[in-house]
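The values are calculated or read from the model by the stated rules, or taken from the named source; none is laboratory data. Predicted model only: the values in this text are computed from it and were never measured. Heads up, the Cβs are rebuilt from the backbone with ideal geometry, glycines too, and the neighbour counts pull from every protein chain shown.
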Amino acid sequence: MDGVRLLRLGKRLTELGRAMVTDHASAALTPGEIAVISDVYQHPGSSVQDIRVRTGFAQSHVSTSVARLRERGLLDAAPDPADGRRTLLSVSALARGYIRARVARPAEPLLAQAVADPAQARRAAELLDELATLLLPGPPPAATPEPTPVEPPGA
């Protein structure tokens with residue numbers, strides 16, 4: 001496999017992965033909001049400045065995204081005990097529950113849509129499991145994997 005084909009495959013797998021963990025309700029989130037909530041999911045207890053540094057977004061963009069996500073109940077905020085002027089953010093219990101439900105779904109139905117032949121779709125699922133075992137660090141997840149957060153229905 002050459003590098004270009006590998007990049008194309010990676011892009012296709014990313015598209016399929018996004019389809020797995022997002023739905024029509026996610027359309028209400030901007031790509032920037034998805035990036036912010038994903039960052040907070042991976043780094044609970046973050047300040048707006050922390051998120052800005054990690055995402056590379058402008059401070060105003062992060063602040064606006066955080067305000068919208070808090071209004072929707074997707075982010076929780078608490079004062080920083082070390083510096084009362086700062087607010088620390090975490091993904092809300094509501095959002096975490098929705099995220100877990102979305103990522104716990106099996107990939108096979110989506111693969112069956114992407115690959116017309118049922119036997120080939122099953123084989124693709126087996127190969128993807130094998131690739132994940134070979135290429136991803138650590139043991140296979142026994143629990144929920146790190147997802148891309150999405151908005152809960154009705155938010």
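Just one of Thr30, Thr22 is modelled with pLDDT under 90, polar (S, T, N, Q), out of contact with any Leu (no Cβ under 7 Å at 6 or more places or on another chain) and closer than 30 Å to Ala121 by Cβ; which is it?
Thr22
Yes or no: Arg123 touching a helix residue (DSSP H, G or I) at 6+ places or on another chain (Cβ under 6 Å) and not in a strand (DSSP E or B)?
Criteria not met by Arg123.
Just give me the residues in segment 98-120 being outside any helix (DSSP H, G or I) and more than 21 Å from the chain's Cα centre (by Cα), in sequence order.
Val115, Ala116, Asp117
For Ala35, state whether it is of a type in the set (Gly, Ala, Ser), surrounded by fewer than 16 Cβ atoms within 10 Å (Cβ to Cβ) and assigned to a helix (DSSP H, G or I).
no
Between a residue in segment 62-81 that is surrounded by fewer than 16 Cβ atoms within 10 Å (Cβ to Cβ) and at pLDDT below 95 and any residue that is in a helix (DSSP H, G or I) and of a type outside the set (Asp, Glu), which pairs come within a Cβ distance under 6 Å, given they are 6 or more apart or on different chains?
These pairs meet every condition: Gly73/Leu94.
Considering only residues that are touching a helix residue (DSSP H, G or I) at 6+ places or on another chain (Cβ under 9 Å) and touching a residue at least 40 places away in the same chain (Cβ under 8 Å), which ones fall in segment 97-109?
Tyr98, Ile99, Arg102, Val103, Arg105, Ala107, listed by residue number.
Hey, among the residues in segment 60-97 that are part of a helix (DSSP H, G or I) and among the hydroxyl-bearing types (Ser, Thr, Tyr), which one's nearest to Ile37 (Cα to Cα)?
Residue satisfying both the conditions and the ranking: Ser65.
For residues in segment 87-121 being under 14 Å from Arg18 (Cα atoms) and of a type in the set (Val, Ile, Thr), which is modelled with the highest pLDDT?
Step by step, filter segment 87-121, then rank; the result is Ile99.
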